[in-house]
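Readers should treat all values here as calculations from the given coordinates under stated rules, not as data from a laboratory. All of these numbers come straight from a predicted model, not from anything done at the bench.
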Amino acid sequence: MKKSIIILIAIATSIFIGQSCQHDPKTDAVADSALFAEVMAGTYTNYKNGNILAGIPPSPHGNFTLRFNEIATAALDSATGELPAGATFPNGSIIVKDIYEGSKISLIAVMKKAPSDQYASNGWVWAEYNPDGSIYFSTIKKGDGCTGCHGSAPHRDFTKAFDLH
């Protein structure tokens, strides 16, 4: 019984200390983890049959595959598989770019159309993850460093992959 009480006190103390620690302004681990979990649990349609495409400068991402959740897929042109210039993705769309070094995924870039999300910029939540799910680029940055390029012509709702491969 004493051992159980000591364990409970230790757990309660850990929770209290964890909650009282100052928030790291560079990441929101809960938001980042939730988005990664959503991406990993989703069902996707591959662009260009899932073939690895070569990134064309000025793309910083390099070789990649691209996939869309069902909501995003519904917005794509049935003939080209691309979002027409000037069109927009519906809310809830998720676009995942798996970036490759050789034959292995080296980075997972994610855009989720969620204009009301506290971390959205230009209607999108932006994040990048290492293959193990650890945060490379946090949602809290609101696409800082992404939106400049993604907002340039042709306008396809801040997506560039159709034009940079």
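Computed values, structure above
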item: Principal axis dimensions, largest first and in whole angstrom, of the range 55-112 by Cα; result: 31, 21, 18
item: Rel. contact order, % - alpha carbon contacts under 8 angstrom, at least six apart, the range 46-165; result: 21
item: Linear extension gain, GLU70 paired with ASP163, 0.36 nm per residue minus alpha-carbon span; result: 31.3 nm
item: Net length gained if the chain between ASP144 and MET40 were fully extended (0.36 nm per residue, minus Cα distance); result: 35.1 nm
